[in-house]
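Colleague: Take a look at the following structure, please.
The values are calculated or read from the model by the stated rules, or taken from the named source; none is laboratory data. Since the model is a prediction, treat every value here as computed from it, not as a measurement. Virtual Cβ from ideal backbone geometry, glycine too; neighbours counted across all protein chains shown.
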Amino acid sequence: MMKISKNGIALIKSFEGLVLHAYKDIAGVWTIGYGSTRYQNDKAIKSGDKLNSEAQANSLLMCTLSQYEAAVNSYVLVPLTQDQYDALVSFTYNLGTNALLHSTLLKKLNEKDYAEAANWFAPWNKITDPQTGKKIVSNSLTKRRAKESTLFKQP
């Protein structure tokens, strides 16, 4: 059973940033801390919510990460390096477990086609525009997917 490394946590934090009050993310989802959308008790983040400290945000992140670590450990059927694992947990943390489960990335990876799997981070760079409901490219997600893919390809 693999666990995310300090490097993987730092990657997620670098993309999510720390915000101690509830805010709507680029897709219009209520978020707090380092990109958490739910509390440890599974209650959704809502308008007006606040965290007291960075330590509280870290605690929430670590709790939140466990479900994404479990998903990667469960769905990936081939050996992974720590960097590959960290990239996949970051991807899953951002997109959710269903995105990983139904992705071509996972399909290629479980076929042991690591090189092709690395190419399947990039297409996951769109958000649903809260105003129009249409999928649009997000520059921040494009950068995130590129970093995750690069990390995944590390020897």
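Colleague: Restricting attention to the stretch 1-21, and to residues there that are in a loop (DSSP other than H, G, I, E, B) and in contact with an Asp or Glu (Cβ under 9 Å, 6 or more places away or on another chain), which single residue is surrounded by the most Cβ atoms within 10 Å (Cβ to Cβ)?
Modeller: Taking the stretch 1-21 first, the residues in a loop (DSSP other than H, G, I, E, B) are 1-5, 17-18.
Still in the running and in contact with an Asp or Glu (Cβ under 9 Å, 6 or more places away or on another chain): 1-5, 18.
On the way: Met1: 6, Met2: 18, Lys3: 13, Ile4: 22, Ser5: 14, Leu18: 14.
Among residues in the stretch 1-21 that are in a loop (DSSP other than H, G, I, E, B) and in contact with an Asp or Glu (Cβ under 9 Å, 6 or more places away or on another chain), the one surrounded by the most Cβ atoms within 10 Å (Cβ to Cβ) is Ile4.
Colleague: Conditions: (1) in contact (Cβ under 8 Å) with a residue 24 or more places away in the chain; (2) surrounded by fewer than 16 Cβ atoms within 10 Å (Cβ to Cβ). Leu61 meets all but one. Number of the miss?
Modeller: Just one mismatch for Leu61, condition (2).
Colleague: Taking the stated definitions as given, is Ser53 surrounded by fewer than 12 Cβ atoms within 10 Å (Cβ to Cβ) and modelled with pLDDT of 95 or more?
Modeller: Details: surrounded by fewer than 12 Cβ atoms within 10 Å (Cβ to Cβ): yes; modelled with pLDDT of 95 or more: yes.
So Ser53 passes the test.
Colleague: Would you mention how many residues in the stretch 72-100 are hydrophobic (A, V, I, L, M, F, W, C), more than 19 Å from Leu141 (Cα to Cα) and outside any loop (DSSP other than H, G, I, E, B)? Can you show your working first?
Modeller: If we filter the stretch 72-100 for residues that are hydrophobic (A, V, I, L, M, F, W, C), which is where we start, we get 72, 76-78, 80, 87-89, 91, 95, 99-100.
Remaining after also requiring more than 19 Å from Leu141 (Cα to Cα): 72, 76-78, 80.
From what is left, the residues that are outside any loop (DSSP other than H, G, I, E, B) are 72.
Final tally of qualifying residues: 1.
Colleague: Can you pull out the residues in the stretch 22-50 that are over 19 Å from the mean Cα position of the chain (by Cα) and surrounded by 13 or more Cβ atoms within 10 Å (Cβ to Cβ)?
Modeller: The answer is Asp49, and nothing else.
Colleague: List the helices (runs of 4 or more DSSP H) that sit entirely inside the stretch 103-154 and contain at least 3 residues that are in contact with a strand residue (DSSP E or B) (Cβ under 6 Å, 6 or more places away or on another chain) and touching a residue at least 24 places away in the same chain (Cβ under 8 Å). Reasoning before the result, please.
Modeller: Details: elements: 104-110, 114-118, 139-152.
Passing ranges: none, list empty.
Colleague: Quick one: which of Lys143, Lys126 is closer than 22 Å to Asp25 by Cα, among the charged types (D, E, K, R) and touching a Lys or Arg at 6+ places or on another chain (Cβ under 7 Å)? Walk me through how you get there before you give the answer.
Modeller: Numbers: Lys143 fails: touching a Lys or Arg at 6+ places or on another chain (Cβ under 7 Å).
Lys126 is the lone residue from the list that is closer than 22 Å to Asp25 by Cα, among the charged types (D, E, K, R) and touching a Lys or Arg at 6+ places or on another chain (Cβ under 7 Å).
Colleague: Here is a follow-up. Scan the stretch 144-155 for residues that are surrounded by 13 or more Cβ atoms within 10 Å (Cβ to Cβ) and over 13 Å from Phe91 (Cβ atoms) and jot them down.
Modeller: Of the residues in the stretch 144-155, the ones surrounded by 13 or more Cβ atoms within 10 Å (Cβ to Cβ) are 144-153.
Correct list: Lys153 only.
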